[in-house]
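Taken together, the values in this text are just the output of simple stated rules run on the coordinates, not laboratory data. These figures come from a predicted structure and were not determined experimentally. Positions of Cβ are backbone-derived with ideal geometry, glycine not excepted, and every protein chain shown enters the neighbour counts.
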Amino acid sequence: MEDNERLIGQFLKQNRQEIADDGFTERVMRGLPESKPQRDWLPTIWNGGMITMAIILFVAFGGIGLVKNALFQTLDNALTQGIDMRVLLVLICTFVFYISQKALQKA
């Protein structure tokens, strides 16, 4: 992959052509507003705060219990009515995630 990129770079350098535009590009570049420094920390703080709020609300309103009950009801239905392997795989992955989260909370 890097060899292809190097070959493409060489090709473009060898075949570079300047297009006469009577200074149009320069005038356009001078007419553009100057870029303002971006505050990348503000969206990061906002997103972090909203994610934290969502987690707090999820836990406060019993979301963990709802997910656990849904998981166990689905597993119970699957065992009593026959197991579809795809459903079983999703249940196992969800259960492993739930158990790992509980273990991380205790640590």
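A few points about this structure:
- Relative exposure of Leu32, Leu71, judged by other C-beta atoms within 10 Å (fewest first): Leu32, Leu71
- Computed from Cα atoms, the angle from the helix 41-60 axis to the main principal axis of the chain rounds to 10 degrees.
- Among Ile55, Ile64, the ranking by other beta carbons within 10 Å of each residue's beta carbon, starting with the fewest, stands as Ile55, Ile64.
- Here the gap between Leu91 and Thr44, fully extended at 0.36 nm per residue and compared with their Cα-Cα distance, gives a gain of 13.6 nm.
- Candidates Thr44, Thr25, Thr80: whichever shows maximal mean-square fluctuation once the chain is modelled as a Gaussian network with Cα springs under 10 Å: Thr25
- Entry note: segment 62-107 has Rg to Rh equal to 1.04, where both radii use alpha-carbon atoms and Rh is the Kirkwood radius.
- Computed helical MRE - 222 nm, the chain, DSSP H runs ≥ 4 contributing -39500 (n - 2.57), nearest 500: -25500 deg cm²/dmol
- Across all directions, the shadow cast by the convex hull of the chain built on its C-alpha atoms averages 16.1 square nanometres.
- Förster-model FRET efficiency, 41 Å R0, Glu18 and Thr52, C-beta, rounded to 0.05: 0.15
- The GluC sites (Glu not before Pro) found in segment 8-77 that occupy coil by DSSP, while having at most 11 further C-beta atoms within 10 Å, are Glu18, Glu34.
- Available extension along the chain between Gln101 and Val28 is 20.8 nm, counting 0.36 nm per residue and deducting the alpha carbon span.
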